Amino acid sequence: MPKGNYMVMIIEKPQNQDSTRDSSGRFIPGQSGNPLGRPPKNVSITSLIKEKLDTIDPKTGKTHAQLITDKIFQIAMSGNLSAAQEILIRTDGKVTERHEIAGLIVHVTPELLEQAQARLRESMGSTEQLLADYRAKKLIGQGIEVVGRKEL
């Protein structure tokens, strides 16, 4: 124990004046510890753009969305196929092809169809290789020597 004069301070914990907690400091059942909810996250670019599209241009009295629509339509009417395609996709939807495979009807875009065909070609090549390897192993198992392979 240190020699000399010293002072001991007793600090009392203030009584919890929060009505959402009990005397031990725990939340009362049914009471939220965060009544205001989670703070909002950073605002996304998409939400900022949507907000801007809804604002009215003071010169024309139209919303920015209407002005952009008018401009795309004007560009399309001047012969720009990309703008015309954008209008068609936005109004009629992207063109899909209807295929019936083993009784299952599938709507596929041309891009997805090309990707599926490429994957099928790749798998056919590896399937043919597996079949050739299997045939060679089967012949070797029967005591027949495989001298060379011929691609199918």
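Brief remarks on what is shown
- Among residues that are touching a Phe, Trp or Tyr at 6+ places or on another chain (Cβ under 9 Å), modelled with pLDDT of 80 or more and closer than 30 Å to Lys52 by Cα, Ile87 is included.
- Subset tally (residues that are surrounded by 10 or more Cβ atoms within 10 Å (Cβ to Cβ) and at pLDDT 85 or above) for segment 28-46: 0
The values are calculated or read from the model by the stated rules, or taken from the named source; none is laboratory data. Quantities reported herein were computed from a predicted structural model and do not represent experimental measurements. Glycine also receives a Cβ, built like all others from the backbone with ideal geometry; neighbour counts cover every protein chain displayed.
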